[in-house]
Amino acid sequence: MARKSKKKSSSNWKKPLAIVLVILICLGGASAWELYSIIYGSNVGLDKDKVYFLVPTGSTYQDVSNALVEQGYIESQATFDWVAEQKKYKLNVRPGRYRLKDGMSNNELVNLLRAGLQEPVMVTFNNVRFKEDLAGKVGRIIEADSAQIIDLLNSNSFVSSYGLTTTTVLTLFLPNTYEFWWNTSAEEFVEQMAKEYKQFWTEERRTKAQNLDLTQSQVSILASIIQKETNKTDEKPTIAGVYYNRLKKGMPLQADPTLVYANRDFEARRILNKHKIIDSPYNTYKYKGLPPGPICLPSIQSLDAVLNIKSHKYLYFCAKPDGSGSHSFACTYSEHLQNAREFQKELNKRQVYK
C-alpha cells in the first residue's frame, strides 16, 4: 500500500508543472507574435497606392514621427517609435522625399527613412522670360523656395563666380527636364545647372562662338531673340544670319520680340509705333547692338542656329501673309517694304490691330 501512495503523489506534481509549461510556452508564443507584428506587421495605411512623404532639412526625429501621425500615414506611433529606437533611426534622420506604400511595416518604413532612400523629382522649365519665372517653376518642385533662388540670381558676388552678371545670369540655364533630389538647396540647383551648361558648351561650340566673335552669353542673347521670332527650326539659322549681318554692319537689330519684352506686352500680335518709343536697353529700334540680357531661355536648337549661322546677304525679313509662320527674306529695304505691306494688309484683313 505504501508503494502505491508514492506513485500517486509523483503524478500529482507533474500535471500542474505541465500546465505551467504550456502556459509559459503560450505566453512566450504570444509575446513573440506581438513582437513580430510590431516589427513586420503593417503600420502604414494609405488612401492611395503610393504617397510621397517629405522630410524637410533640419527635421528632428520627433518632427518626422509627429508628421507621420498628423498626415495620417501610420496607425501606431508607439510601435513606430519603438522600432525606430531599436534601429537607431533617431540618430540618422535624413531629409528628402520618400515614397510610402500602403501596408508597409515599421521595419520597412524605418529602413527607408534611415537609409535616405528618397525618390528624385523631375524639374522642367521652358518658356521662361524672367528670373522670377524660373524661380517660381523650380521652387514649386524642390525644397528651396523661389525667394531663395531669386536672392542668389540677384547676388552680384554669387553670379560673378560663374563669370556672369545679374543681367546675363539666365544664360546659364538651358530649358529642359532635369532630375534633382527634393531637398536640393538653391546653391545646389544653380551648381547643377552650371554643370549642364559646361557640358553643352563643348570645345566645338566654343570655337564656333569665337569664330563669330561672340561670347557664350552673346550667343544665348541672340538665340533668345531667334527663339521668339520663329518656331520654324529650318529658318532659325537664316534669321540668325540676318541679325548677325546687321550686327556686323552696325545697324540696329530692330527685333520686334525685344520690344514686346521691353513693353511687357506679351499679348501683342502686332508691333505698333507706341511700342517703339519706350526708353529701354531692350529696345533694339532705339539702341544698336544686342540687348543686355536674354529675353527668354533659348532652346538648344536656337543656340545651335546661332552657332551655325547661315551665310547670306539678307538684312531684312518679314512674316509671310499666308499664316504659315514662314518668312520672306530681303537684301534691300525696298524689297522688305513690299513684303511688309503685304503682311500688314493681311493683318488688317484679319482685323488684327494690336
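Some notes on this structure:
- Residues within the stretch 320-354 that are within 28 Å of LEU170 (Cα to Cα) and free of Cβ contacts under 8 Å to residues at least 60 places away in the same chain, tallied: 0
- Across the stretch 182-201, the number of residues qualifying as more than 20 Å from SER299 (Cα to Cα) and crowded, with 17+ Cβ neighbours inside 10 Å comes to 4.
- Within the stretch 150-199, the set of residues being within 24 Å of PRO291 (Cα to Cα) and of a type in the set (Val, Ile, Thr) comprises ILE150, VAL159, THR165, THR166, THR167, THR168, VAL169, THR171, VAL190.
- Condition check for ALA186: hydrophobic (A, V, I, L, M, F, W, C), touching a residue at least 40 places away in the same chain (Cβ under 8 Å) and assigned by TED's automatic domain parsing to the domain that holds SER299: no
So that you can scan it fast, the table gives a plain yes or no per residue for (1) under 11 Å from LEU100 (Cβ atoms); (2) in contact (Cβ under 8 Å) with a residue 40 or more places away in the chain; (3) of a type outside the set (A, V, I, L, M):
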{"position": "PRO56", "(1), (2), (3)": "no, yes, yes"}
{"position": "ASP63", "(1), (2), (3)": "no, no, yes"}
{"position": "ASN66", "(1), (2), (3)": "no, no, yes"}
{"position": "GLN71", "(1), (2), (3)": "yes, no, yes"}
{"position": "SER76", "(1), (2), (3)": "no, no, yes"}
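- Looking across the stretch 146-176, just one residue is in contact (Cβ under 8 Å) with a residue 40 or more places away in the chain and within 20 Å of GLY96 (Cα to Cα), and that is ILE149.
- The set of residues from the stretch 112-124 being in contact with a helix residue (DSSP H, G or I) (Cβ under 9 Å, 6 or more places away or on another chain) and under 24 Å from GLU34 (Cβ atoms) comprises LEU113, ARG114.
- Residue satisfying all of: in the stretch 227-275; out of contact with any helix residue (DSSP H, G or I) (no Cβ under 6 Å at 6 or more places or on another chain) and among the acidic types (Asp, Glu); modelled with the lowest pLDDT among these: GLU267
- The listed residue being within 32 Å of the chain's Cα centre (by Cα) and either in the same structural domain as LEU170 (by TED's automatic domain parsing) or not in a loop (DSSP other than H, G, I, E, B) (or both), out of LEU297, LEU247, LEU259, LEU290: LEU259
- Residues that are modelled with pLDDT of 90 or more and surrounded by 10 or more Cβ atoms within 10 Å (Cβ to Cβ) number at least 3 in the following helices (runs of 4 or more DSSP H) confined to the stretch 1-104: 61-70, 77-86.
The values are calculated or read from the model by the stated rules, or taken from the named source; none is laboratory data. Values in this document were obtained by computation on a predicted structure and should not be read as measured data. A quick note on method: Cβ atoms are made from the backbone with ideal geometry, for glycine too, and the neighbour counts reach across all protein chains shown.
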